[in-house]
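To start, the structure under review is shown below, and the notes come after it.
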Amino acid sequence: SESISVPMIPLGLKETKELDLLVPLKDFISEHYGEEGVLFEKEIKEFMELRQAMRTPSRNEAGLELLMEYYNQLYFLDSRFFPPTKTLGVFFHWYDSLTGVPSHQRALAFEKGSVLFNLGALHTQIGARQDRASLPGLNQAIDAFQKAAGAFNYLKENFSNAPSLDMSAASLTMLVRLMVAQVQECVFEKMTLLRAQNDFLARLQLAQEAARVEEVYSLVHQTMSQPHVKDYVPFSWTTMVHVKSEHFKALSHYFAAIALCDCPAPSDAELLEQEKAFLQFHVTMPEGPSLRILLQDPEERRKLGKAHLKKAIMKHEEAMRIHGLCKILRKMDILQEVLSFAHKRSLSKYSEIDHEEDFFETGEAPDIHPKTHQKPEIKSPSFSQVKVTDLFHRLGPLSVFSAKNKWYPARRVHLMRGENGFGFTLRGDSPVLIAGVIPGGCAAEAGLKEGDYIISVNGKDCKWSKHAEVVQLLKSTGKEGVDIGVITLQGSECPKAADRKAAVMSSGPGMLKSNKENSRKSLMNSKSASTLLVWSKKSKRSKKSTYSGVPFTAVGDNEAMY
């Protein structure tokens, strides 16, 4: 009966409506990128299929990966199709995980936040399903609840103004604390599996672990009783958390009593170590004789043990009373069984150590000082674990071809090679930049300008081409010359300033602002620097060499004249 696991609280996933992005994305590709939207139907449908699959993830590693993949893909969607100044006109609909109340928003941040919430919720379901009677099951449960806490915490720190209550700061704080408490409960269960429980010090440790579980569940109960959360959290959750805090308080007193009554008095060699452990065991020192006498005198040990058992029985009864107030919990036979087993165990121990000739009044046992040997970790999502490639890769490198950049319509220029070559300097790659144009040269006469990006050579798409590949294509042209397709970014300000401007602009009033979240693209901590950063790195590299205003005569290290 020791191995019966008390049920844990899992979260349901947020549900969402189907979303048809075919027309809005095709229109945006035609208007913004000047490409035929129809040519990207395959990519759009692939994205929509991924979204559809993500609505019902399996409760395992594959389901978690699917949510991560979609979340990472949203980074690219954001960069490609959501300019800082306007929306796509598409509404994202999601239902509250606890109440089912619908919410909708145009901001992509709401979609991202909801997916992140589901990532946390899926971890809670995986954690609650583990067989906690075995060590591997317990370790998996601990890992799952720690990752759930990490997902909810990340959501709380990086997204604000959510339209649904389950993603409000108050709810997320409560969920993080609930997950931490469930981890702490698993740590206690792990100790009962691992430790030899007949040892005095091991039992003191168990009592302190139980006191720590009681402490964290009391905090969760307080959080659930706050005004904004109270009417929202299911009554069965609040009751379950309250029951657990009373139950673990009872267990802490029970193990203290067992340590005192079932373990022999210490030998002289053990005394010092036991005295040291007992000094830090109670919140306040027990009344009566000195510690040394207490530990060596079986009668004194029995007295204090009896006081602890009396308190344990009171707390067991309180746990059972609270449990009885909730109809849903009354139907949970396992919980009922665990509470009643623990209560009977304490009662039988009490009658075993209670002597008829006891005339002393059983004193008030002091509470046990909470202490754990394994502190819960809040594990943030590791986005880099799931590598994704940009579905809309064909639109060109994100450093240039993104929603926030605007450029003039592509120009086709016919170039003849003069005696001194084409008369321009090229720099960088993907896409290659015209860094300088020689006045009076062939390039200048053909209308090429410094700052133009080469997007095609003789009809071959060069958006992703490396420097050497473009040079090779140019060099291989004959007397008939070469057709070059170029684009010029709008706005004379250099891209760095444009980037800053875009980062400052929020997603509009009343929307889920995720400026912090967006800055993740460039400021992700090095620990989880992921595939998502590849683009920023690339854009940084090309920014260095863009619009330098270097005269064509001063050719830089990575420039070459042609």
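The values are calculated or read from the model by the stated rules, or taken from the named source; none is laboratory data. Just so it is clear, the structure is predicted and the values come from calculations on it, not from any experiment. Backbone-built Cβ (ideal geometry, glycine too); neighbour counts: all protein chains shown. Quick note on the areas: whole protein, heavy atoms, side chains included, nothing else; ligands and nucleic acids left out. Shrake-Rupley method; radii C 1.70, N 1.55, O 1.52, S 1.80 Å.
Could you check the stretch 112-137 and list, in sequence order, the residues that are charged (D, E, K, R), surrounded by fewer than 23 Cβ atoms within 10 Å (Cβ to Cβ) and part of a loop (DSSP other than H, G, I, E, B)?
Of the residues in the stretch 112-137, the ones charged (D, E, K, R) are 112, 129, 131-132.
Adding the requirement that they be surrounded by fewer than 23 Cβ atoms within 10 Å (Cβ to Cβ) leaves 129, 131.
Result: 131, single match.
If you check 219, 204 for being over 23 Å from residue 96 (Cβ atoms) and surrounded by 21 or more Cβ atoms within 10 Å (Cβ to Cβ), only one passes: 204. Quick one: residue 97 ticks every box in (1) in a helix (DSSP H, G or I); (2) open to solvent by 20 Å² or more (accessible area, probe 1.4 Å); (3) under 25 Å from residue 150 (Cβ atoms) bar one, so which box is it? So residue 97 meets the others, but not (1).
Looking at the stretch 285-304, which of the residues that are assigned to a loop (DSSP other than H, G, I, E, B) and open to solvent by less than 80 Å² (accessible area, probe 1.4 Å) is modelled with the highest pLDDT? The selected residue is 297. Consider the stretch 60-88. How many of its residues are assigned to a loop (DSSP other than H, G, I, E, B) and either among the polar types (S, T, N, Q) or touching a Lys or Arg at 6+ places or on another chain (Cβ under 7 Å) (or both)? Of the residues in that region, 5 qualify. Keeping to the stretch 258-268, report how many residues are crowded, with 24+ Cβ neighbours inside 10 Å and farther than 14 Å from residue 298 by Cβ. Result for the stretch 258-268: 1.
Scanning the stretch 322-359 for residues that are surrounded by fewer than 12 Cβ atoms within 10 Å (Cβ to Cβ) and either assigned to a helix (DSSP H, G or I) or at positive phi (or both) returns 327, 333, 334, 348, 351, 352.
Scanning the stretch 43-91 for residues that are of a type in the set (Gly, Ala, Ser) and within 24 Å of the chain's Cα centre (by Cα), which turns out least open to solvent (accessible area, probe 1.4 Å)?
Of the stretch 43-91, the ones of a type in the set (Gly, Ala, Ser) are 53, 58, 62-63, 79, 89.
Restricting the remaining residues to those that are within 24 Å of the chain's Cα centre (by Cα) gives 53, 58, 62-63, 79.
Values: 53: 42, 58: 55, 62: 62, 63: 2, 79: 20 Å².
Ranking the qualifying residues of the stretch 43-91, first place goes to 63.
Given the structure, is residue 158 more than 30 Å from residue 195 (Cβ to Cβ) and open to solvent by 20 Å² or more (accessible area, probe 1.4 Å)? Yes. When residues in the stretch 285-331 are screened for being aliphatic (A, V, I, L, M) and farther than 30 Å from residue 239 by Cα, 6 of them pass.
Just one residue in the set 216, 233 is part of a helix (DSSP H, G or I) and either without any contact (Cβ under 8 Å) to a residue 60 or more places away in the chain or among the β-branched types (Val, Ile, Thr) (or both); that residue is 216.
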